[in-house]
Amino acid sequence: MVFRMERKIRTAVLALLICAQAGLSFSVAGQQEGTCEANGSLYFVGEWYFLDSDHCTQCECTAEGSACSRTECTSLPAACIHVSHYPTDCCPRCEKIGCEYRGVVYELGQNFQPSECEQCTCDNDGIARCLVADCAPPPCVNPVYEPGKCCPECREGPNCYVNASRSQVIPAGEPVWVDSCTKCRCHDGQDAGYWEGNRLATCSRLKNCTPEQPSTKKK
């Protein structure tokens, strides 16, 4: 009995030696050791592969098993204004670089004028930087905005109101008799503090003067 057991042991040891000399080793389940099973295939230690279920995940077969990590995407340019995601790509693509301003896309370095009062540039960092015109106060009380122009203009020339009632407007420059006793003058470019919010004329009235009333004729 003992002799038979020793014989079986010697036979098993001999079989293992033959396999070792052949360079083969097998696990208990019959799978070859030093391989990784994935995607329905066997990979040897040191081999890299992508998962069929996720082509953005790359794995390496190691002695401890598969070591996987998802592909890292580089950051998109700061000036990217159009990004696309293709099914075959792991990472998004930047399709267009530029600036977006009020819903309109501009090229890098492009100068543009979104309105009559704005002058803008699309900088290389993808930011539109604009200068807004600083219009001086118009020297009149009835300025108008012309098409295509930013600042208002005085069609009738410089003028001002006679008084706070703002019912009468006189031209700037020479004094104007607004009635038979009152003489008024608008500020003009020769006056200190010209048109700094002063829209009323400077008036002087004759002493002991009664304004003449317009004559009426009987029909």
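The values are calculated or read from the model by the stated rules, or taken from the named source; none is laboratory data. Please read all numbers here as calculations on a predicted model, not as lab measurements. So basically every Cβ, Gly included, is an ideal-geometry build from the backbone, and we count neighbours across all protein chains shown. Accessible surface areas use protein heavy atoms only, side chains included; no ligands, DNA or RNA. Shrake-Rupley method; radii C 1.70, N 1.55, O 1.52, S 1.80 Å.
Annotation for the range 124-184: chymotrypsin sites (Phe, Trp or Tyr not before Pro) lying in DSSP loop with at most 13 further Cβ atoms inside 10 Å of their Cβ are Tyr145. As a fraction of the 1.4 Å probe accessible area of the range 59-108, surface on carbon and sulfur atoms comes out at 50 percent. The amide H of Tyr101, built 1.01 Å from its N in the peptide plane, has Tyr106 as neighbours under 5 Å, considering only residues 5 or more places off or on other chains. Specify which residue in the list Ala78, Gly148, Cys61 is farthest towards the positive end of the charge dipole of the range 45-152, using unit charges on the beta carbon of Lys, Arg (+1) and Asp, Glu (-1), about the Cα centre. Farthest towards the positive end: Gly148.
Count the net charge of all other residues whose Cβ sits under 15 Å from the Cβ of Trp177, scoring Lys and Arg as +1 and Asp and Glu as -1. That works out to 0. Nearest 0.05, what FRET efficiency do Glu100 and Thr57 give at R0 = 25 Å with Cβ-Cβ as r? Between Glu100 and Thr57 the formula returns 0.15. In terms of its C-alpha gyration tensor, the range 106-187 comes out prolate, because a/c is 1.5 or above and the ratio a/b outweighs b/c. The dipole here belongs to the range 38-178: it is taken about the Cα centre, uses +1 on the Cβ of Lys and Arg and -1 on the Cβ of Asp and Glu, and is about 680 debye. Placing one equal scatterer on every Cα of the range 64-143 and applying the Debye formula, the log10 ratio I(q)/I(0) at q = 0.11, 0.27 Å⁻¹ is -0.50, -1.21.
Close amide H contacts of Cys36 (hydrogens built in the peptide plane, cut-off under 5 Å, sequence separation of 5 or more or a different chain): Tyr43, Phe44.
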